[in-house]
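Notes follow the structure.
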Amino acid sequence: MKKILIILMFFAMPAFAAPLQVVATLPSLAAIAKEVGGPLVQVEALTSPHQDPHYADAKPSLIVTLNRADAVIVNGLELEVGWLPPLLQQARNGKIQKGTPGYIDAAASVQLLGVPKGVIDRAMGDVHPGGNPHFLIDPRAGARVAVAIGQGLGRLDAAHAATYQQNAAALAQKLTALAKAETARFAQLPPARRTLVAYHDSLLYLVDWLGLRQIATLEPRPGIAPNPQHVAEVLQQMKAAAVPVIAQEAFYPENTSKTVSKLAGAKLVSLPGGARFPTETYEDHVRGLAQALYSALAP
Ligand SMILES: [Zn+2]
């Protein structure tokens, strides 16, 4: 009887299970997932911080990665709509299709900004009907995503649900503290310095978090390249409001921004496009991003 019990225990021991294979579309999501899962998960990112997540290329190697996955974590709000659906389809992995527990949608946990009002048409550019998808730039959103990932992993690996939940709560607490400290620091800047121009409409959550004001974007519409008439208008607005900074993720083109910042007497700040997974934590990524911006805005 004792022997049988020991054998049964052996098979029930979760410690013998292989780590969950987790695939994240973005490096920041991968960094959060790794911190939440620790040694219980193996995490891969489908893109790097140097890639514009709207237009990642659907390499065949990514299909193989997705084929082996137990879970996929997506940003959602159609950020990956241009490349992820065909990859998921070709991966032929029933565990990670939309609507299954293995498909974890980060956006579902976030308080969304930039939800368009009224009728949407293509003339508005690459507008996301569900809301602005660039929330990972804000650690308050990161904290919510960490908790959602903890719950998602716990559903797939119930034996360790408590561990995922604890790790997620600890990370969320660190991120919330960081977010508050940075909000307080930026509030010390003179109000006239707390303005910026962005390249793409991807800084909405950052601007909200740090109490800044975004005067304009160099793209006339999301995903549509700057044109001379719009750029002239932005330059005018920048001069009128003495905007100190143009900020953009490193993967956006810099030529227009360089010219405009020079003409406006502003600095061009290149922001990291995501955590440098696996060497950098999400928290360090966000801290570095805030510091880069703060240095440029401080008089
Ligand atoms: Zn966008």
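No value in this document is a laboratory result; all are computed from the given coordinates. Please read these numbers as outputs of a predicted model, since none were measured by experiment. Note that we place each Cβ from the backbone using ideal geometry, even for glycine, and neighbour counts take in every protein chain shown.
Just from the alpha-carbon atoms, what are the Rg and Dmax of region 181-297 in angstroms?
13.9, 43
Sum up the charges of everything whose Cβ sits under 12 Å from the Cβ of residue 70, counting Lys and Arg as +1 and Asp and Glu as -1, but leave residue 70 out.
Within the 12 Å Cβ shell, the charges total +1.
What number, in percent, do you get for the relative contact order of region 169-299 if the mean sequence gap of Cα pairs under 8 Å and at least 6 apart is divided by its residue count?
23
Taking the chain as a Gaussian network, where each spring joins two C-alpha atoms under 10 Å apart, which residue of 31, 250, 106 fluctuates the most?
So, out of 31, 250, 106, the one fluctuating most is 250.
Which percent, to the nearest 5, of DSSP beta bridges fully inside the chain are antiparallel?
Restricted to the chain, the bridges split so that about 5 percent are antiparallel.
In whole angstrom, and with the biggest value first, how far do the Cα coordinates of region 36-172 range along each principal axis?
That gives 49, 34, 29 Å along the principal axes, largest extent first.
Considering every pair of different Cα atoms, what Kirkwood radius, in Å, is found for the chain?
For the chain, inverting the mean 1/r across all distinct Cα pairs yields 20.5 Å.
For region 236-299, what class follows from the C-alpha gyration tensor (a ≥ b ≥ c being the square roots of its eigenvalues): rounded when a/c is under 1.5, otherwise prolate if a/b is larger than b/c, else oblate?
oblate
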